[in-house]
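Input: a single structure, listed below in structure tokens.
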Amino acid sequence: MKGESESPRMPAGGPLSKPLSVDDLGVSRGVLVDLALKLLYFEGEMDGSEIANSMRTPLPVAIDLLDMLRKERLCTVLGSDRGVVPVYRYGITEAGVARAREALSRSEYVGPAPVSLGGYREIVKRQSVAMACSVIRREDLEQALNELVVNPSVTNQLGPALNSAQPILLYGAPGNGKTYIAQNIVNLVLGSIFVPYACEIEGQLIKIYDPEYHSLVDGSVEGRNVDRDNRWALCTRPVVMVGGELTLTSLGLVFDPISKCHEASLQMKANGGIFFIDDFGRQLLLPEELLNRWIVPLEAQVDYLALHTGKQVQIPFDSLVIFSTNLDPSTLDEAFLRRIPHKVMIPNPTLYEYYMLFERVCQAKGVPFDKDGFSYLVDKYYRKANRPLRACHPRDLVDQIVTVARFNEQEPGLSKENIDQACANYFVQRPSEGFDES
């Protein structure tokens, strides 16, 4: 877009190379000078290494910034610590205090120096989530879902869908494991990526690193390395999971009028990882609103976000997007569905799969499995009641049996009495009806 190619140059080795000068940082000098000055303003006095650590820059780069401040009489050298190599301490001047307050009126951000938008785009492209998805194989998927009895048709569809790293729609009746499947897919998208603490666009700052979604690979040193640019944190691939709380606001840049900084959108924080939207259709926003908002990003893999100044910026949209819904896909907009190439129905379990699930849950909960009790359950509460099997029922019913047994100070088991009590508690009855106690 116009103006974005005019940003300062990046290091010859690319945006992750160790910067050797202020120009190598690739962002506005004014932003960097203001950042160093704000640090001095809040701390009173600091030495060069403290400034470098706070800004995540090499010491020579921090010293260059301090020299700029000193030449403008915004800071002064207070002295040096004794040692083989003198360590100079810097303090802010009255002129520096005035300039720092002016800088704070524009932005209260204090922290690691930002990276350029061009550098961010390049790194997102280099570490695309497609690389992590392309190595997933059938054995990996089956192992990830081993606690759930999954119909082979699901594995046959889901595996290629993951390999493609294209958007996936998981749909079907509630209670059959859509959320469980999506949550365990997370364990298959392995590897680490570099995430910038912040990004600068025409003097505006966007905070990207978020400890809620970005887990540092080495938390003790926050991923710092002497051989690279430490404005980038080394993190495991992010997983952003949202449900009914999702709003259109969270899908845009959120400007804080107090700190005067932008918070990255959720999909921006998910770049390089997974964006999982659970219970799609139950958000505060209408499904059509989300569909319209994401039609272009899902197809073009770029998003257009607005700064509070009104400027539109092009941001990479690089995440494995998974929708989980109880909605009938035929009710969704055809243009949106076309942009989700993989639609995987999670069916009701067959009787055999239900049997396997029930037996597995009993073993995990310490309840002796009894074939006669199981047959009684299926015949009375499913066949006669014309009730569909659901994958969540074994867990929920066995939990009921365990709870009732604990209350009555008895050993849990699949007796008719225990099954009747569990089903009376769990299944909804019409007010005029009751379960047959005979």
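No value in this document is a laboratory result; all are computed from the given coordinates. Just so it is clear, the structure is predicted and the values come from calculations on it, not from any experiment. Counting neighbours? That spans all protein chains shown, and the Cβs are built from the backbone with ideal geometry, glycine included.
Overview of values
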{"item": "Separation of the Glu212 and Ser80 label points, Cα + 7 Å toward Cβ, nm", "result": "4.7"}
{"item": "5 angstrom amide H check on Val302, placed H, neighbours 5+ away", "result": "Phe317"}
{"item": "The range 351-426: projected area of the alpha-carbon convex hull, averaged over directions, in nm²", "result": "4.4"}
{"item": "Qualifying trypsin sites (Lys or Arg not before Pro) in the range 240-312, DSSP loop, other Cβ atoms within 10 Å at most 16", "result": "Lys260, Arg282, Lys311"}
{"item": "Restricting the range 134-205 to trypsin sites (Lys or Arg not before Pro) in coil, as DSSP defines it, with at most 15 other Cβ within 10 Å", "result": "Arg137"}
{"item": "Nearest-0.05 FRET efficiency for Phe42 and Ala424, computed from C-beta distance (R0 60 Å)", "result": "0.40"}
{"item": "Pair Ser330, Glu289: separation of 7 Å Cα→Cβ label points (nm)", "result": "2.8"}
{"item": "Cα long-axis angle, helix 94-106 against the chain (0 to 90 degrees, to the nearest 10)", "result": "30"}
{"item": "Hz values of 3J(HN,Hα) by residue in the range 363-376 - Karplus curve (6.51, -1.76, 1.60), Gly and Pro given as x", "result": "4, 5, 8, x, 10, x, 7, 10, 5, 5, x, 5, 5, 4"}
{"item": "Aspartates and glutamates with Cα under 16 Å of Lys380, excluding same-chain neighbours fewer than 8 positions away", "result": "Asp370, Asp372, Glu417, Asp420, Glu433, Asp436, Glu437"}
{"item": "Choice from Asp372, Asp23, Asp256 showing the highest fluctuation, given a GNM over the chain with Cα pairs closer than 10 Å", "result": "Asp372"}
{"item": "Shape category assigned to the range 54-113 from the gyration tensor of Cα positions, a/c cut at 1.5", "result": "oblate"}
{"item": "Per-residue Cβ neighbour rank within 10 angstrom, fewest leading, Asp67, Asp318", "result": "Asp67, Asp318"}
{"item": "Whether the chain is rounded, prolate or oblate, judged on the alpha carbon gyration tensor where a/c under 1.5 counts as rounded", "result": "prolate"}
{"item": "Using alpha-carbon coordinates, inclination of helix 287-300 to the longest axis of the chain, degrees", "result": "60"}
{"item": "Coil-residue chymotrypsin sites (Phe, Trp or Tyr not before Pro) of the range 344-438, DSSP, other Cβ within 10 Å capped at 16", "result": "Phe369, Phe427, Phe435"}
{"item": "Gain on full stretching of the segment that runs from Arg70 to Tyr88 - 0.36 nm per residue minus C-alpha separation", "result": "5.2 nm"}
{"item": "Antiparallel DSSP beta bridges within the chain, as percent of all bridges there, nearest 5", "result": "60"}
{"item": "Computed E for Gln410/Arg106 - FRET, C-beta separation, R0 56 angstrom, nearest 0.05", "result": "0.20"}
{"item": "The chain: most fluctuating residue of Ala144, Ala95, Ala36 per GNM, C-alpha cutoff 10 Å", "result": "Ala95"}
{"item": "On Cα atoms only, tilt of 393-407 relative to the major axis of the chain in degrees", "result": "80"}
{"item": "Ranking of His214, His262 by count of other Cβ atoms within 10 Å, fewest first", "result": "His214, His262"}
{"item": "C-alpha center-to-center spacing [the range 12-45, the range 294-360] in angstrom", "result": "39"}
{"item": "Pairwise centroid distance, computed over Cα atoms, of the range 46-111 with the range 226-276, Å", "result": "29"}
{"item": "Distant-in-sequence amide H partners of Asp279 (H built 1.01 Å from N, under 5 Å)", "result": "Ser324"}
{"item": "Label-point gap, in nm, between Val296 and Lys365 - each point 7 angstrom along Cα→Cβ", "result": "5.1"}
{"item": "Cα-based shape type of the range 242-348, given that a ≥ b ≥ c are square roots of the gyration tensor eigenvalues and the cut on a/c is 1.5", "result": "prolate"}
